[in-house]
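Everything on this sheet refers to the single structure shown next.
The values are calculated or read from the model by the stated rules, or taken from the named source; none is laboratory data. Note that the coordinates shown come from a computational prediction; the quantities given were computed from them, not determined experimentally. When we count neighbours, we look across all protein chains shown, and the Cβ atoms used for this are built from the backbone with ideal geometry, even at glycine.
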Amino acid sequence: MIKRIKSLREFGNLDREKRKIRFDFILFFLVLAISSWGVLVIYSATRETLPGGVSDPEYYMKKQLIWLGTGIIIFIAIQFINYRKIQRYWWLILAVGIFSLVAVLLFGYEVHGSKSWIDLKFTTIQPSEFSKIFMVIVLSAVMSKWRSEKVSNITFKKVAISSFMALTFVVLVLLEPDYGTALIYFIVFIGLLFVSGANFLYILSILGLTAGGFFLALNAGFIKQYQLDRILTFLKPDVLSMEGAGYNLYQSKLAIGSGGLLGKGLFLGRQTNLSYVPEHHTDFIFSVIGEEVGFIGAILVILILGVIIWRCFYIASNSSDTFAMLLASGIGFIILSQVVINIGMTIGIMPIIGIPLPFLSSGGSSLISMFLGIALVENVYIWREVRKSHEIAYQEFK
Amino acid sequence: MGLNIKIRFRIVLYLLAILAIVLMLRLYFLQIMGGGLYAELASENISREKTVSAPRGNIYDRNGKLLVKSIPVKAVAVEPLIVSEDEDVMRILSECLNISYEEIKEKVEQSNLSYIDRLILKQDIDTATMIYLKENSSKLPGVEVIDLYLREYNFGFLASHLLGYTGEIDKKRLQSETYMDYEGGDQIGLTGLEETYENLLRGKKGKIIYEVDPLGRPVNILEETDPISGSDLYLTIDIDLQRFVEEALYQSILEVRQKKISGTDENYKVPGGAVVVLDSRNGQVLAMASYPTYNPELFVGGISEDEYAELKDPENNSPLLNRAIMSFPPGSAIKIVPAYGGLAEGIISERSTFYCAGAWTGLGENFIKYCWNRSGHGSLNIRGAIKNSCDIYFYQVGYGLLLKNDNSEELLQKYLRIFGFGSVTGIDLPSEDPGLVPDKEWKKDYFKDQPEYTVWFPGDTVNMAIGQGYLLVTPLQLAQAYSILANRGLEYKPYLAEEIKDSEGNLFPDSSEDDYQDLNLDENFIEIIEDGMVQVVSPGGTAASVFSDFPLDIYPIAGKTGTAESPPKQDYAWFASYAPVGNTQYVVVAMLEEAGSGGSNVSPMIEKIYRYLFTID
């Protein structure tokens, strides 16, 4: 009887939910807020130093605004498509993803030693940013497809196929070479395996194989010593080394540390505004935040990003099918891994690998792909199936 | 969704929370716990401090004539720490400054090893060089063009020994505590008044704190403090009198060099000389000349090693030395002191006489002492003894002072010290020689390696009484001693800086103005001695002929000649004097090295100076 009363309560709730507009305002407005904040911080970071030799102090701010606008339009447009349609055309998305990653290897140009950019004349894009989302769609589709067959346990075959697809993406990005982005791809894959319910044995063996592969690559000389040095700099946090790999980290820590509790004020971060921190408008944007708005501001940024990630997983866990659950989780893992690694790198607890801070770093590919990802999460929320109240009642009764 | 998946989602959420907490904790350590340290490091990281030279104070004479001023010039300064590692920069500098690469490299590396943060490579560069360096500043990290102030001397050689010169601070000084707030390339007073009044003349440097970008290029100024000019110095010197005195000294040296030592074919060498003119009423130095002299402009912008070696070379009679404050044997010019001591100790009286037969055997037949006048002066009282500068008389005064109380008090030395000999006068010039008043203790110490000489012989005192032996005095000390006579026992400390005016126009009257001491001397004794000195320039005196045309009735002069033997050198010639007697204004003392008799070779110059002082044609 108790069960019954409970179900009746749920009955009432669902009835009320039906009348609501089905849109997750928390997610959308937090993303909008943090991205707008990013525009301001980018302006602060670039108006004096003018990276890349531009002459307009507002250049980067304006560009970011345009991308933000584009991102919002894409976000809205995506909502008109039911995610199930996207699921159906997963192979097309796989093709586009692979194609763009191959294209960048053939026609791309190098920035900081990685061939990860394609010049489309009117703008430049970084396919590996978009492919992140594509990979999540593809893996979600593949994993959920197996699942929809009435197989209670996730089979070895299923894991092998999804692993192969993930490996394809990872290898293509490694060829650029862009180790940071490849690492994100890998983490997202592991994350998806985890929430898909894969047996821990599979996950552990994939991790083991990867570690083995890494040491092989190191021994064979595929990974250079300087790259390893750079990655391991963070392990010696107390060495305030101004030389080589330590320089970025030293300057970033000076910037953030000197921000103190309240920061030096927006536009007043001398350490970052004078270019002491390299890449301060892209990968090291968090240094600007730490210096200018201090501990309070930095904590606020982390909290907002944390809530956004939480919303992704919340929507995932409340979605109506496995594809939707995996899709939203995958986006959540992308944001989670990038936020932790990027912020961790600027404060010296993560290796220095060049990946952008979602919604905040300057750059169109990063921002638009993030909006694409969030659009998909929102889509999962909007288009989720609300089970009929009598069905639930029936189930409970049974 | 299965239960398994729900648990896994919960794990993901826990992970999210843990990661967020880790990031926040790390931020807490960085920003809250380490915030202060990092803020300090960061401001060091981005800001640089640069000093701005202050103009050095000017120096004026007593009539407000500008003697020395500061002029701004451009100089090339480098940071040794940065430049020593950059051969290209040193090469470019070598080319455009016309200094050899090796020299630059050595200087920069040495400065770097000594942790000197700024090195001036070249002062007073021309505009073209300055523009070149500024235009190429991006290629020249650690190099900058700075403003420096150098000295300009309006009167060239004049008073160079008094004014002194400035120069770049050396490494040794930079590392010493006294010069802690100086930096490499600073100009400091190295000699003369420039050295004495360094702290007042130098002013206070300005400071600019500015932000730099990671390449060290200035971005904007954070803080700026203007430099404060150094204080101006107003001297007691009258530059016109100084010029007259220096010329008179030079002329008289040239004249004496033409003369032959009597009875030989040898000319007087006269390597140098000095003149001191004091205002007896207050100790002001009106003129102070030393020959040979030098041009202080040689030091402006750094003197070359060759030029400096030349100035230091004893062959050239060391022109850098100020002979007015160096010590020499005084000869008979010192006799006023044994005269006073003899009277005060009752060895002699106004009327008592000694007989001079040209030789004296008071110390025994084996130690015959002669008078300068071998034919003898006959019977002389104290006045006559001063007038004729009789050595026999003063031998006996000296001997009397020695015998009194068995020389337990060393009376002659005591009176020499009362008159200021044996210690510095305290004039505001560096490196003043205290001279030497020898006594038993000194002798014991000085000859400690030759025990047979450590004994004080009666002859030592006797010789000292006529200004011979080990006694050494400076022309300035002698001038001060004579001014004590003129002032009837009041001792004024001689000084050169009359007033100091800071950049805001505040005057600091020099405290030495009323700095006198009453020595409590007996006026009667002084008057007796003064009588004798007046007779020196009167008919029959040792300097009579020179002053025969001088209006002594209007401007009576009290003087004393001196001729000090200092073998193997030729005699040192002295004349010490003051005038007008009764209402004394001036003390004039002159000394010529290796110039024979003071009476005939120095007094003509003194006569000329008095004519100038009293404006007599």
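Here the range A:280-314 is the region considered, the condition is being of a type in the set (D, E, K, R) and either surrounded by fewer than 21 Cβ atoms within 10 Å (Cβ to Cβ) or over 19 Å from A:Tyr60 (Cα atoms) (or both), and the residue that is farthest from the other protein chains (Cβ to nearest Cβ) is A:Arg311.
Considering each residue of the range B:204-236, count those that are among the charged types (D, E, K, R) and within 14 Å of another protein chain (Cβ to nearest Cβ), and give that number. Write out each step before concluding.
Step one: list which residues in the range B:204-236 are among the charged types (D, E, K, R), which gives B:204-205, B:207, B:211, B:213, B:217, B:223-224, B:226, B:232.
When the remaining residues are screened for being within 14 Å of another protein chain (Cβ to nearest Cβ), the result is B:211, B:213, B:217, B:223.
So the answer is 4.
Taking the conditions exactly as written (among the charged types (D, E, K, R) and touching a strand residue (DSSP E or B) at 6+ places or on another chain (Cβ under 7 Å)), does B:Arg323 satisfy them or not? Yes: the conditions hold for B:Arg323.
Residues in the range B:22-36 that are facing chain A (nearest Cβ under 7 Å), modelled with pLDDT under 90 and part of a helix (DSSP H, G or I): B:Gly35 alone. Restricted to the range B:502-529, and to residues there that are over 14 Å from B:Ile484 (Cβ atoms) and at pLDDT 90 or above, the residue that is surrounded by the most Cβ atoms within 10 Å (Cβ to Cβ) is B:Ile528. Per the conditions (1) modelled with pLDDT under 90; (2) hydroxyl-bearing (Ser, Thr, Tyr); (3) in contact with a Pro (Cβ under 9 Å, 6 or more places away or on another chain), the sole criterion not satisfied by B:Ser43 is (3).
Put simply, of B:Gly532, B:Gly541 the only residue that is at pLDDT below 90, touching a helix residue (DSSP H, G or I) at 6+ places or on another chain (Cβ under 6 Å) and not assigned by TED's automatic domain parsing to the domain that holds B:Ser229 is B:Gly541.
Within the range A:312-327, the presence of a residue that is acidic (Asp, Glu) and over 24 Å from B:Val12 (Cα atoms) is excluded. Does B:Ser84 fit the bill of being buried (at least 18 other Cβ atoms within 10 Å of the Cβ), in contact with an Asp or Glu (Cβ under 7 Å, 6 or more places away or on another chain) and more than 14 Å from chain A (Cβ to nearest Cβ)? Spelling it out, B:Ser84 is indeed buried (at least 18 other Cβ atoms within 10 Å of the Cβ), in contact with an Asp or Glu (Cβ under 7 Å, 6 or more places away or on another chain) and more than 14 Å from chain A (Cβ to nearest Cβ).
Of all the listed residues (A:Ile347, A:Ile331, A:Ile343, A:Ile374), the sole one being at pLDDT 95 or above, buried (at least 24 other Cβ atoms within 10 Å of the Cβ) and within 11 Å of chain B (Cβ to nearest Cβ) is A:Ile343.
A:Ser320 fulfils the conditions (1) assigned to a helix (DSSP H, G or I); (2) farther than 29 Å from A:Arg47 by Cβ; (3) more than 9 Å from chain B (Cβ to nearest Cβ) except for a single criterion, (1).
Check whether at least one residue in the range B:172-180 is surrounded by fewer than 16 Cβ atoms within 10 Å (Cβ to Cβ), more than 23 Å from B:Ser431 (Cβ to Cβ) and of a type in the set (Val, Ile, Thr), and report yes or no. Taking every residue of the range B:172-180 in turn, none turns out to be surrounded by fewer than 16 Cβ atoms within 10 Å (Cβ to Cβ), more than 23 Å from B:Ser431 (Cβ to Cβ) and of a type in the set (Val, Ile, Thr). For B:Ala128, the stated conditions do not hold, so it cannot be described as among the aliphatic types (A, V, I, L, M), not in a helix (DSSP H, G or I) and not assigned by TED's automatic domain parsing to the domain that holds B:Met326.
Across the range B:39-67, the number of residues qualifying as more than 9 Å from chain A (Cβ to nearest Cβ) and out of contact with any Lys or Arg (no Cβ under 7 Å at 6 or more places or on another chain) comes to 14. Within the range B:161-176, if we keep just the residues that are assigned to a strand (DSSP E or B) and either hydroxyl-bearing (Ser, Thr, Tyr) or more than 17 Å from the chain's Cα centre (by Cα) (or both), the residue that is modelled with the highest pLDDT turns out to be B:Thr166. Applying the criterion of being modelled with pLDDT of 85 or more, among the aliphatic types (A, V, I, L, M) and not in a helix (DSSP H, G or I) to the residues of the range A:233-266, the residue that is surrounded by the most Cβ atoms within 10 Å (Cβ to Cβ) is A:Leu266. For the condition over 36 Å from the mean Cα position of the chain (by Cα) and either under 24 Å from B:Glu527 (Cβ atoms) or in the same structural domain as B:Glu350 (by TED's automatic domain parsing) (or both), what is the one hit in B:Tyr415, B:Tyr399, B:Tyr395? On inspection, the qualifying residue turns out to be B:Tyr399.
In the set (1) crowded, with 18+ Cβ neighbours inside 10 Å; (2) in a helix (DSSP H, G or I), the condition left unmet by B:Ile116 is number (2).
One residue alone among B:Leu81, B:Leu93, B:Leu158, B:Leu67 is within 28 Å of the chain's Cα centre (by Cα) and not in a loop (DSSP other than H, G, I, E, B), and that residue is B:Leu67.
Against the criterion of being assigned to a helix (DSSP H, G or I) and at the interface with chain A (Cβ under 9 Å from one of its Cβ atoms), B:Leu16 qualifies. With the requirement that a residue be buried (at least 24 other Cβ atoms within 10 Å of the Cβ) and more than 8 Å from chain B (Cβ to nearest Cβ), what does the range A:267-279 give you? Of everything in the range A:267-279, those that are buried (at least 24 other Cβ atoms within 10 Å of the Cβ) and more than 8 Å from chain B (Cβ to nearest Cβ) turn out to be A:Gly269, A:Thr272, A:Asn273, A:Val277.
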